[in-house]
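Down below is the structure, laid out as structure tokens.
The values are calculated or read from the model by the stated rules, or taken from the named source; none is laboratory data. In this text the structure is predicted, and so the values were computed from the model without any measurement. Here the Cβ positions follow ideal geometry from the backbone for every residue, glycine too, while neighbour counts run over all protein chains shown. In case anyone asks, the SASA skips ligands and DNA or RNA and just uses the protein heavy atoms, side chains included. Shrake-Rupley method; radii C 1.70, N 1.55, O 1.52, S 1.80 Å.
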Amino acid sequence: MIVLGIETTCDETAAAVVERGPDGTARILSNIVLSQVSEHAAFGGVVPEIAARAHVEALDLIIAKAMTEAGKTYDDLDGIAAAGGPGLIGGVIVGLTTAKAIALVTGKPLVAINHLEAHALTARLTDNTQFPYCLFLASGGHTQVVAVRGVGDYVRIGTTQDDAIGEAFDKTAKLLGLGYPGGPQVEQEALRGNASRFALPRPMQHRKDADFSFSGLKTALRLEAERIAPLTDQDVSDLCASFQQAVVDVVFDRLRAGLRLFRAQYGAPTALVVAGGVAANQAIRKVLHRLAIEAGTVLVAPPLDLCTDNGAMIAWAGIEKLSLGVSDTMAVAPRARWPLDQLAADRGALLGTAAYK
Ligand code: KG4
Ligand code: ZN
């Protein structure tokens with residue numbers, strides 16, 4: 001099965017062609033990602049209107065490039081998948097409408113993919129991870145611990161009460177005058193810094209649930225920065241290191257609680273899977289690895305270019321859905337909000353049975 005995947009929910013315009021062979025193994029035939037970072041950098045964050053316009057300008061070319069690089073024609077495809085949300089609605093409209101147009105002209109099936117579901121299923125594309133596994137989705141927009149029990153069968157075990165984890169990195173970078181996106185900059189600075197210089201809080205630590213909160217940490221960091229201003233380069237590095245250590249400690253504690261809840265409900269997970277841009281952070285990867293070992297399971301961390309937003313994960317989710325007989329009509333609507341765990345209900349309604357996994 002060969003599927004074209006289109007991703008336009010945030011600030012990456014992406015398209016990819018992925019094939020699943022008869023033996024179940026996946027091959028990424030092309031994976032083209034155009035980042036809009038430079039277009040948003042001056043604003044210190046993604047500007048929805050600029051993003052939508054940039055998607056319109058770039059998408060046709062990115063799709064053409066993905067098809068050419070894969071060496072495939074539209075005739076070779078078994079379906080067209082596009083992220084149908086959640087995300088910035090202007091971008092989602094661009095991607096999904098383009099996918100509808102291609103599906104209409106070629107007569108191929110269309111499937112609208114939940115962007116979070118695509119992140120959740122990436123471990124199956126890269127590592128053929130079997131269900132059930134415990135997902136830590138850590139990106140600029142999301143911080144979730146999810147029990148992935150089957151295609152379309154997700155239970156959210158924990159989430160953030162305020163900022164997303166990547167957002168906390170981005171806001172820290174902005175506060176300290178570092179560039180956008182902030183995560184990589186904070187990580188670089190942290191390498192040169194003293195992580196124990198500032199006593200920052202570890203929000204939500206020791207709670208039984210697996211929820212997160214980052215706004216208190218962000219405020220504490222701001223107060224420290226204001227207290228010692230003006231900041232030297234070393235101050236900035238020390239603040240970054242102290243911040244990152246607090247995040248690492250929080251991730252360890254919250255995910256440990258999440259894994260405990262997982263085990264109590266669903267038994268041992270086949271893996272702890274990480275997805276989202278924050279998975280690029282080496283200190284966080286290290287602590288996740290430790291956690292996985294402690295929980296008696298393995299860490300599956302897809303390569304960085306598949307952790308961040310990309311078309312291959314959308315194409316793969318399309319393959320998973322289409323092979324279960326799930327597709328959408330032209331009436332499928334783009335969605336700014338689309339919680340992952342609502343999918344279980346959607347799926348039941350789609351197939352009229354609760355039994356498919
Ligand atoms: O998954 P992603 O590419 O986009 C979505 O948010 O969907 O994630 C981007 C987020 C940004 O907040 C960025 O600052 C963060 O991931 N990030 C990092 C690192 N690289 C990217 N956070 C911490 N350390 C990093 N090395
Ligand atoms: Zn994402």
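Data overview
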item	result
Residue that is open to solvent by less than 20 Å² (accessible area, probe 1.4 Å) and either at pLDDT below 95 or more than 15 Å from ligand 1 (Cβ to nearest atom) (or both), where the choices are Gly258, Gly267	Gly258
Residue that is nearest to Ile63 (Cα to Cα) [pool: residues in the range 109-130 that are charged (D, E, K, R) and surrounded by 21 or more Cβ atoms within 10 Å (Cβ to Cβ)]	Glu117
Qualifying residue in the range 164-178 (condition: touching a Pro at 6+ places or on another chain (Cβ under 9 Å), of a type outside the set (A, V, I, L, M, F, W, C) and within 16 Å of ligand 2 (Cβ to nearest atom))	yes
Residues (assigned to a helix (DSSP H, G or I), surrounded by fewer than 24 Cβ atoms within 10 Å (Cβ to Cβ) and out of contact with any helix residue (DSSP H, G or I) (no Cβ under 7 Å at 6 or more places or on another chain)) located in the range 71-101	Asp75, Asp76, Ile89, Ile93, Thr97, Lys100, Ala101
Residue tally, condition more than 16 Å from ligand 1 (Cβ to nearest atom), open to solvent by 50 Å² or more (accessible area, probe 1.4 Å) and assigned to a strand (DSSP E or B), over the range 20-57	3
All positions within the range 299-310 that are within 12 Å of ligand 2 (Cβ to nearest atom) and in contact with an Asp or Glu (Cβ under 9 Å, 6 or more places away or on another chain)	Thr308, Asp309, Asn310
Options Ile32, Ile2, Ile6; residue that is within 20 Å of Ser323 (Cα to Cα) and under 19 Å from the mean Cα position of the chain (by Cα)	Ile6
Test: residue in the range 338-356 that is more than 17 Å from Ala123 (Cβ to Cβ), at pLDDT 90 or above and of a type in the set (Gly, Ala, Ser)	no
Of all residues making up the range 117-142, the number that are farther than 9 Å from Ala275 by Cβ and within 10 Å of ligand 1 (Cβ to nearest atom)	3
Residues that are hydroxyl-bearing (Ser, Thr, Tyr) and within 14 Å of ligand 1 (Cβ to nearest atom), drawn from the range 305-335	Thr308
Qualifying residue in the range 133-140 (condition: modelled with pLDDT under 95 and open to solvent by 10 Å² or more (accessible area, probe 1.4 Å))	yes
Exclusive hit being open to solvent by 10 Å² or more (accessible area, probe 1.4 Å), part of a helix (DSSP H, G or I) and touching a residue at least 24 places away in the same chain (Cβ under 8 Å), set Arg227, Arg290	Arg290
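Conditions (1) in contact with a helix residue (DSSP H, G or I) (Cβ under 9 Å, 6 or more places away or on another chain); (2) free of Cβ contacts under 8 Å to residues at least 60 places away in the same chain; (3) at negative phi, marked per residue:
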{"position": "Leu4", "(1), (2), (3)": "yes, no, yes"}
{"position": "Ala14", "(1), (2), (3)": "yes, no, yes"}
{"position": "Gly21", "(1), (2), (3)": "no, yes, yes"}
{"position": "Ser35", "(1), (2), (3)": "no, yes, yes"}
{"position": "Glu49", "(1), (2), (3)": "yes, yes, yes"}
{"position": "Glu57", "(1), (2), (3)": "no, yes, yes"}
{"position": "Ile63", "(1), (2), (3)": "yes, yes, yes"}
{"position": "Glu69", "(1), (2), (3)": "no, yes, yes"}
{"position": "Ala112", "(1), (2), (3)": "yes, no, yes"}
